[in-house]
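The values are calculated or read from the model by the stated rules, or taken from the named source; none is laboratory data. As the structure is a computational prediction, the values presented were derived from the model and not from experiment. SASA here: full protein model, heavy atoms, side chains in, ligands and nucleic acids out. Shrake-Rupley method; radii C 1.70, N 1.55, O 1.52, S 1.80 Å.
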Amino acid sequence: PGRPAFLAVRIDPAARGAAVVGEALPGTPAARAGLRAGDRVTAVSGSTVRSAGELRDAVGRHRPGDRVAVAWVDGAGAPHTATVVLAEGPVA
């Protein structure tokens, strides 16, 4: 079925919510959206995200090249949204 869709952001599986750890690699969908360490992803294409697993599942429902809306809250609590084109992820 091809490679999976990829946002290219590391999430702390032990943290409450989908907390971003580390900076996104330049040129990835996460970097183009402006996601940074300390941000918390809250939704992908309208699907609420409350954990690393929910983020993986939400992105996994898409294909590389799909345009998706990503919502997040930054470390100061300010909400953000961006539309990104998902990349082709590594083979699982």
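List of remarks:
- Taking 0.36 nm per residue of separation and subtracting the current Cα-Cα distance, fully stretching the chain between A82 and R63 would add 5.1 nm.
- Using a probe radius of 1.4 angstrom, the carbon and sulfur fraction of the accessible surface of the chain is 52%.
- The chain: translational diffusion in µm²/s, Stokes-Einstein, Kirkwood Rh over Cα pairs, 10 °C, 1.306 mPa s: 124
- 1.4 Å probe accessible area per residue over the chain, in Å²: 59
- Cα-based Rg / Dmax (Å) for the stretch 1-52: 11.2, 34
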